[in-house]
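Shown next, in structure tokens, is the structure this report addresses.
The values are calculated or read from the model by the stated rules, or taken from the named source; none is laboratory data. This structure is a prediction, so every number in the text was calculated from the model and none was measured. As a convention, Cβ positions derive from the backbone with ideal geometry for all residues, glycine included, and neighbour counts pool all protein chains shown.
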Ligand code: SF4
């Protein structure tokens, strides 16, 4: 049975557990550090990188502004070229379409190209529940699947695993689901990749149906695009008789020419490569060449909800490069599982609440999973202002809890501050009291408030809380006449 994110705790509690795992932190620090350095080197080679970012953002923005028209055009183009288009409002509808397609053809196993959207809708679990085996063919996804594990990174789903762990998973699990790992398997990357290649090959050759996502869907030509590094995608997209692609509606790009900046931004931002090793494009059905049945499921699953949010809609520009994850100080320490979703890191912290809506404790905790340092915005190839959206979503979460009978301590603190700051005299009294407390503490030789009682302890356990100053700014101003006189 596959693992799922359902029932994951809110971010603070999941992050605390993750922080206790030193092996995980070591794996993450190493892997994100390597990817960061590679990305910085290849991005530094492009003189007009900022212009390219602006161009990429503009293409996606243009697509989103007239999404309805582009989607209709995409459907027409796909249909004209022999593909069958299905529309799915949510995960359940999309899963039902894929299951029905497989059942109608008596297919009991499918091979899969790495795809975030199929993880988002829990397709593997839905297929499994209907007696259809779904085999992940991307190396990292295979590791996650065989390990009964969950992905923790958009690009490198098994980033939390090291080589020794992968060797152990292959040795233990491969034989149970197909060709076993060789007896002399070592933890050398090339040897592990070789074992995966042998294991997957029989599945590629046997499967009659493949399932993919798409990085882009070109409206004017009806072309779907998948970029990948291992060649497994190319095998899935060309060998089976039936190809089903599940495509989030935000993947639409109006014209073929507009792919240009996006295909230049994506590899440098994601794998730190100048171009993708494999860029597969296909347009409907070509007689006697590749799959003879092509189905495209256009999926909403919360995207129109996100589109309706004037600040949050920019998240739909995301091209899933994962650059924001690799530069995020929070992600580097907690890893992806703490976010409780297939979309972890800074983009996950905004995309999950936007797709699902706020109101659930787990989702509501995500906009706070950030220091707001802004590194994600700097790294994002399509200029998504993630900090802006995080602050916007925090406000939404706070607003949603305003009517709670028992306000949170934070809300009480802010109410107190609003009361004090709301009137000059009240502020004066509060400052006088605070400087009195500062003088008393210092008389006792204390420069800090130490550990606060109750919920305040959560704050002081991780931070120093200095004693209040003995003189307020306004008292100093009055005494010195603004610093003019000593
Ligand atoms: S938000 Fe930007 S940096 Fe993050 S995955 Fe999406 S495109 Fe990449």
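Is the range 94-101 home to any residue that is in contact with a strand residue (DSSP E or B) (Cβ under 7 Å, 6 or more places away or on another chain), without any contact (Cβ under 8 Å) to a residue 60 or more places away in the chain and closer than 30 Å to residue 178 by Cα? Steps first, please.
Kept after step one, since they are in contact with a strand residue (DSSP E or B) (Cβ under 7 Å, 6 or more places away or on another chain), are these residues of the range 94-101: 94, 97-98, 101.
Now drop any that are not without any contact (Cβ under 8 Å) to a residue 60 or more places away in the chain, which leaves none.
No, the range 94-101 has no match at all.
Only one of 84, 46 is touching a residue at least 60 places away in the same chain (Cβ under 8 Å) and either surrounded by 19 or more Cβ atoms within 10 Å (Cβ to Cβ) or within 18 Å of residue 383 (Cβ to Cβ) (or both). Can you tell me which? Outline the logic, then answer.
On the way: 84 fails: either surrounded by 19 or more Cβ atoms within 10 Å (Cβ to Cβ) or within 18 Å of residue 383 (Cβ to Cβ) (or both).
After applying the criteria, what remains is 46.
Would you call residue 309 assigned to a loop (DSSP other than H, G, I, E, B) and either more than 15 Å from the ligand (Cβ to nearest atom) or in contact with a helix residue (DSSP H, G or I) (Cβ under 9 Å, 6 or more places away or on another chain) (or both)? Break it down stepwise before answering.
Values: assigned to a loop (DSSP other than H, G, I, E, B): yes; either more than 15 Å from the ligand (Cβ to nearest atom) or in contact with a helix residue (DSSP H, G or I) (Cβ under 9 Å, 6 or more places away or on another chain) (or both): yes.
So residue 309 passes the test.
For the range 276-289, enumerate the residues that are buried (at least 16 other Cβ atoms within 10 Å of the Cβ) and not in a strand (DSSP E or B).
276, 283, 284, 285, listed by residue number.
Restricting attention to the range 211-237, and to residues there that are within 17 Å of residue 197 (Cα to Cα) and outside any helix (DSSP H, G or I), which single residue is farthest from the chain's Cα centre (by Cα)?
Kept after step one, since they are within 17 Å of residue 197 (Cα to Cα), are these residues of the range 211-237: 228-237.
With outside any helix (DSSP H, G or I) added as a condition, the list becomes 228-231.
Details: 228: 18, 229: 19, 230: 21, 231: 23 Å.
Per the criteria, the residue is 231.
Could you tell me whether the range 32-48 includes any residue that is out of contact with any strand residue (DSSP E or B) (no Cβ under 8 Å at 6 or more places or on another chain) and more than 17 Å from residue 274 (Cα to Cα)?
Scanning the range 32-48, I find at least one residue that is out of contact with any strand residue (DSSP E or B) (no Cβ under 8 Å at 6 or more places or on another chain) and more than 17 Å from residue 274 (Cα to Cα), so the answer is yes.
Does the range 350-384 hold any residues that are under 28 Å from residue 55 (Cβ atoms), part of a loop (DSSP other than H, G, I, E, B) and more than 13 Å from the ligand (Cβ to nearest atom), and which are they?
372, 373
Name the single residue that is nearest to the ligand (Cβ to nearest atom) among those in the range 320-349 being in a helix (DSSP H, G or I) and either in the same structural domain as residue 153 (by TED's automatic domain parsing) or over 17 Å from residue 373 (Cα atoms) (or both). Quick ask: steps written out before the conclusion?
Residues of the range 320-349 that are in a helix (DSSP H, G or I), as a first pass: 323-327, 329-334, 337-339, 345-349.
Still in the running and either in the same structural domain as residue 153 (by TED's automatic domain parsing) or over 17 Å from residue 373 (Cα atoms) (or both): 337-339.
Values: 337: 17, 338: 17, 339: 13 Å.
Filtering the range 320-349 for residues that are in a helix (DSSP H, G or I) and either in the same structural domain as residue 153 (by TED's automatic domain parsing) or over 17 Å from residue 373 (Cα atoms) (or both), the one nearest to the ligand (Cβ to nearest atom) comes out as 339.
Mind telling me which of the residues 164, 126, 190, 196 ends up being in the same structural domain as residue 233 (by TED's automatic domain parsing), within 26 Å of residue 349 (Cα to Cα) and assigned to a helix (DSSP H, G or I)?
Working: 164 fails: within 26 Å of residue 349 (Cα to Cα); 190 fails: within 26 Å of residue 349 (Cα to Cα); 196 fails: within 26 Å of residue 349 (Cα to Cα).
Step by step, each of 164, 126, 190, 196 is checked, and only 126 is in the same structural domain as residue 233 (by TED's automatic domain parsing), within 26 Å of residue 349 (Cα to Cα) and assigned to a helix (DSSP H, G or I).
Going residue by residue through the range 282-299, is there one that turns out to be within 16 Å of the ligand (Cβ to nearest atom) and closer than 20 Å to residue 118 by Cβ?
Of the range 282-299, the ones within 16 Å of the ligand (Cβ to nearest atom) are none.
Scanning the range 282-299, I find no residue that is within 16 Å of the ligand (Cβ to nearest atom) and closer than 20 Å to residue 118 by Cβ, so the answer is no.
Just checking, does the range 391-402 include any residue being over 30 Å from residue 54 (Cβ atoms), more than 14 Å from the ligand (Cβ to nearest atom), part of a loop (DSSP other than H, G, I, E, B) and not assigned by TED's automatic domain parsing to the domain that holds residue 56? Break it down stepwise before answering.
Residues of the range 391-402 that are over 30 Å from residue 54 (Cβ atoms), as a first pass: 397-402.
In the following step, the residues that additionally are more than 14 Å from the ligand (Cβ to nearest atom) were identified as 397-402.
This time we only want the ones that are part of a loop (DSSP other than H, G, I, E, B), so: 401-402.
Retained after the next criterion (residues that are not assigned by TED's automatic domain parsing to the domain that holds residue 56): 401-402.
Yes, the conditions are met somewhere in the range 391-402.
Could you please give the count of residues in the range 129-157 that are within 16 Å of the chain's Cα centre (by Cα), away from the ligand (no atom under 16 Å from the Cβ) and part of a loop (DSSP other than H, G, I, E, B)?
Of the residues in that region, 1 qualify.
Could you tell me whether any residue of the range 246-257 is without any contact (Cβ under 8 Å) to a residue 60 or more places away in the chain, within 16 Å of the ligand (Cβ to nearest atom) and either within 24 Å of the chain's Cα centre (by Cα) or not assigned by TED's automatic domain parsing to the domain that holds residue 82 (or both)?
Keep residues of the range 246-257 that are without any contact (Cβ under 8 Å) to a residue 60 or more places away in the chain, which gives 251, 255-257.
Restricting the remaining residues to those that are within 16 Å of the ligand (Cβ to nearest atom) gives 251.
If we keep only those that are either within 24 Å of the chain's Cα centre (by Cα) or not assigned by TED's automatic domain parsing to the domain that holds residue 82 (or both) as well, we get 251.
Looking for residues that are without any contact (Cβ under 8 Å) to a residue 60 or more places away in the chain, within 16 Å of the ligand (Cβ to nearest atom) and either within 24 Å of the chain's Cα centre (by Cα) or not assigned by TED's automatic domain parsing to the domain that holds residue 82 (or both), one finds at least one in the range 246-257, hence yes.
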